[in-house]
Amino acid sequence: MPRKSIALLAVLGSCIAIFWPGALTFGFPGVMAPIWQEMFHVGRTATGITIFFMLAAVGIFMFLVGRWQEHYGTRKMIILGIILTACSSVVAAYATSIYMVYAWAFLNGLASSFVYIPTLTLVQRWYPEKKGLVSGVVSMVFGLAAAIMAPVFGKMLATLGYLPMNLTLALLTLIVGLAGAYFARAPDEEEIASFSLDNTSKKPARIKKPGRSLTVQESLHTRSFWFLWITWTLAGAAGVSMTVLSIGYGLFRGFPLESAILILTAFNLTNGTGRLVSGYYSDKIGRNRIMSLAFLAAGLAYFVLPWASGLTSCALLAAVVGFSFGTLFSVSAPLVADCFGLDHFGAIFGLTFAAYGFVAGPLGPTLSGYLLDRTGDNFFLVFLYLGLFCLLAALCIRQVVPPQSV
């Protein structure tokens, strides 16, 4: 089979493999939060902690998966991630308390790590001259899956019931995910070498590449890594909070559940499609510029959201936050490759997720849920501090540049 066809199939397989982990990560908690509150007689703080466990698993395992894929290969990591994702849905199906929901969240975050890092790594290796574009494609599917499936989750719950719905999701994840993993093959050393020969005859890329790949230890000693780490903390907290706040805010405004879900759908729609747009334009106008503008827009959207009373305006503002969140995911990956190289990309990118996993969760969904419970649904206070996080992230990301030019 021609190399171009294999490369395209690898990207397609990566997208298929990442679909269900994305749907369950970004869409399922938002739809199920009100259901879990009713099932287990808990408040928003308890369901907000669900995201903390999911992100904690991401923070722990993103780095480890980045290391393991260097030894065991990307395809094996993806297959294991798909199996674990299916298992997490089985855990959710038989949940008898909020603590079993936390177990689902942790297992789902762990599983996503085994799919997300390997897929991003292999598509960038197939297309080193279009890292932003192909990373954006994979990230787009990761986020867009939730926009597609969030309304479907609600309908499945109403027609199938809680237990059959989750078991069905487990089966679909296994079948679709393993089919995608079959095509998700990384290029071998000979193919990588041929890319370098091909690129010598092309025009110089707009994105300046580092002279060599940095090790994890060398990256940790750069200012750029830590500014990126802070960016993931702030922008990650602001973005992921919308996955659990959107439906709650819609219900607070008096919308029925079916309408409130549309706010989450709007968030996930731009969270998905925006990743392709921002990834593509990051190859053209620069990674830092597109990320800074996206974070600035999200901050302004959060400031306006408390005064948005109509369904359309709420959905549009949530969509702006979704675009920012998607940009964080899609453009950070090629930015890490630009700054530190691809040799240890998985491990270094995984370390940036430690900020998202361990700090963004408590600062975002957990703290916002606590404040809402304590203040009687004072969304103004919550949206204010999340908007400030976005503005600070817009400043921090401007400092993330290749270490040679720092």
From the square roots a ≥ b ≥ c of the eigenvalues of the alpha-carbon gyration tensor of segment 4-80, which class results: rounded (a/c under 1.5), prolate (a/b over b/c), or oblate?
-> oblate
Cβ-Cβ cut-off under 13 Å around PHE295, Lys and Arg +1, Asp and Glu -1: the net charge is +3
Mind checking Rg over Rh on segment 1-155, alpha carbons, Kirkwood formula for Rh?
-> 1.02
So what's the net charge close to ALA181: Lys and Arg +1, Asp and Glu -1, counting the other residues with Cβ under 10 Å from its Cβ?
-> +3
Calculated [θ] (222 nm, deg cm²/dmol) that DSSP helices of n ≥ 4 give over the chain, each run adding -39,500 (n - 2.57) = -27500 deg cm²/dmol
Filter the DSSP H helices in the chain by two things, a Kyte-Doolittle mean of at least -1.0 and an axial alpha-carbon span of 18 angstrom or more, and list the hits by number.
-> 3-22, 44-72, 74-93, 98-126, 131-160, 162-183, 223-252, 257-285, 287-304, 311-340, 379-396
In nanometres, what is the gap between the two model label sites at ALA103 and LEU8, each 7 Å from Cα along Cα-to-Cβ?
-> 4.5
What is segment 243-296 by shape, rounded, prolate or oblate, if you read a ≥ b ≥ c off the alpha carbon gyration tensor as root eigenvalues and call it rounded for a/c under 1.5, prolate for a/b larger than b/c, and oblate otherwise?
-> prolate
Count the net charge of all other residues whose Cβ sits under 12 Å from the Cβ of VAL400, scoring Lys and Arg as +1 and Asp and Glu as -1.
-> +3
Given the C-alpha centroids of segment 262-333 and segment 342-390, what is the distance between them in whole angstrom?
-> 16
Pairs of lysines 8 or more apart, or on different chains, with alpha carbons under 19 Å: count those in the chain, would you?
-> 17
Say R0 is 35 Å: what FRET efficiency, to the nearest 0.05, do SER259 and LEU381 get from their beta-carbon distance?
-> 0.90
Using a 10 angstrom cutoff on alpha carbons, build the Gaussian network for the chain and name the most mobile of ARG253, ARG75, ARG275.
-> ARG253
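Taken together, the values in this text are just the output of simple stated rules run on the coordinates, not laboratory data. On a predicted model such as this, the values are computed, not experimentally measured, just so you know. All Cβ positions, glycine included, derive from the backbone under ideal geometry; neighbour counts span all protein chains shown.
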